[in-house]
Amino acid sequence: MAEKDILEKALENYDDVFSDIVNGLLFQGKQRISEQALVSVAPTSEYKIENGIHEQERDVAKIWIEQDKKIHVRIALLGLENQTIYDPDMPLRVIGYDGAAYRGELGQKQRYPIVTLVLNFDKKRWGKSRSLYDRIRIPEGLEPFVSNYHINVFDICFLTEEEINYFHSDFRIVADYFVHSRTNPDYRPSDPEKFRHTDALLKLLSALKNDQRFAMTLNDKKGGKPQNMCEVLDRVEARGKAEGITEGEKKLADLIQKLLETGRNEDIARVTSDPLYRKRLYEEFQIT
C-alpha cells in the first residue's frame, strides 16, 4: 500500500502538473497559479488520540505564494487527495488535514486559506458523502450549533471535453484516458500527445488502474520508453495477449485477492462457478 501511495503522488508532485490540476479544476483553465509560485510542504501532520500521537498524511500539498516587494506572501495551502473508490468518511479525513494545517498557522504571522481537492478516479460518480452533515447524525435542535464542512470532489472520469481541454500538462493525458476508457475500453487517443514526465505518468496509471502493465512498458527493451498513450496502450495490449491475460481473468484475480484479504476463502470456489454470485461480489468490492 505504501508503494502504491508513492506511485500515485509522483506525477502530481511536479509543480507544472500540480498548478495545472488546480488551474483546470478551480479556475476553468485560467492560469492563476504558475508552477514558479508553488512551494512544496511536508504533507504529514500529527494528531493525538487515546493511545498516543499518530500521523496523518495528505497525498500532495503545496503553498501558493506571491512575491510582494521581495517578500513571499502565502496565498493559500493547496492539497490533493486521490481516490479510486468512494470513501464516505472523506469529509472527516479532510477536516483532519485542514484542521491540522490551520492549527499550524497559529505559530505564524500570516493567515491563509486551506483548500483540499479530492480527485475521484472511480468509474462511478462520488456518492452522497460530500459534507460533515452527510456523515453524522445530528440530534434534533442541535443542527444550528454544528458547523458543516464541505469537501471539493471532482469526478475525473466524468469531465467534459471542454473541461479536459482546461489542462495543459501530463494530467490532460491522464484525464483524457480515464474519461474515454470509462465508456470505451478500446479507446485510442486521436492526437498522440507526447509525455513530459513519462516515468511518473505511467506509474500513476499503474497505481490508479491497479495494472502493472503500464509501468512495465518503461522496461521494454525494444523501442525504449513509450512517448505517448498510443504506444503505451499498444504495448499494454500486446503484453496482455502474450501473458494470456483477459480483462475477465484480471477481474476474477482481483476478486479472489480481495476474498483472501478479508478472510472469505469459502467464497472462492463459488465465484469461479457461479457468474451471478461473481457479479454481485464485483459490485460489493467495487471491482470494475
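The values are calculated or read from the model by the stated rules, or taken from the named source; none is laboratory data. The model shown is predicted, which means the values in this text are computed figures rather than measured ones. Using ideal geometry, Cβ is built from the backbone for each residue, glycine included, and neighbour counts are taken over all protein chains shown.
Annotations for the structure displayed:
- Test: residue in the stretch 143-151 that is modelled with pLDDT under 95, under 25 Å from residue 197 (Cβ atoms) and either in contact with a Lys or Arg (Cβ under 9 Å, 6 or more places away or on another chain) or of a type in the set (Asp, Glu) (or both): no
- Scan of the stretch 245-288 for residues that are among the hydroxyl-bearing types (Ser, Thr, Tyr), closer than 28 Å to residue 235 by Cβ and in a helix (DSSP H, G or I), ordered by number: 282
- Boolean, residue 127 is buried (at least 18 other Cβ atoms within 10 Å of the Cβ) and of a type in the set (Gly, Ala, Ser): no
- The single condition among (1) without any contact (Cβ under 8 Å) to a residue 60 or more places away in the chain; (2) closer than 25 Å to residue 63 by Cβ that residue 78 does not meet is (1).
- Count - residues of the stretch 47-93 that are out of contact with any Lys or Arg (no Cβ under 7 Å at 6 or more places or on another chain), assigned to a strand (DSSP E or B), modelled with pLDDT of 85 or more and of a type in the set (A, V, I, L, M): 5
- In the stretch 127-172, residue farthest from residue 23 (Cα to Cα) [restricted to those that are touching a residue at least 24 places away in the same chain (Cβ under 8 Å), among the hydrophobic types (A, V, I, L, M, F, W, C) and out of contact with any Asp or Glu (no Cβ under 6 Å at 6 or more places or on another chain)]: 132
- Residue list for the stretch 105-161, filter: of a type in the set (D, E, K, R), in a loop (DSSP other than H, G, I, E, B) and under 14 Å from the mean Cα position of the chain (by Cα): 122, 123, 124, 125
- Single unsatisfied condition, residue 106 versus (1) farther than 24 Å from residue 148 by Cβ; (2) free of Cβ contacts under 8 Å to residues at least 12 places away in the same chain: (1)
- Residue within the stretch 35-42 that is hydrophobic (A, V, I, L, M, F, W, C), touching a Pro at 6+ places or on another chain (Cβ under 8 Å) and either at pLDDT 95 or above or not in a helix (DSSP H, G or I) (or both) present: no
- Within the stretch 130-174, being surrounded by 14 or more Cβ atoms within 10 Å (Cβ to Cβ) and of a type in the set (D, E, K, R) holds for 130, 134, 135, 155, 163, 170, 172.
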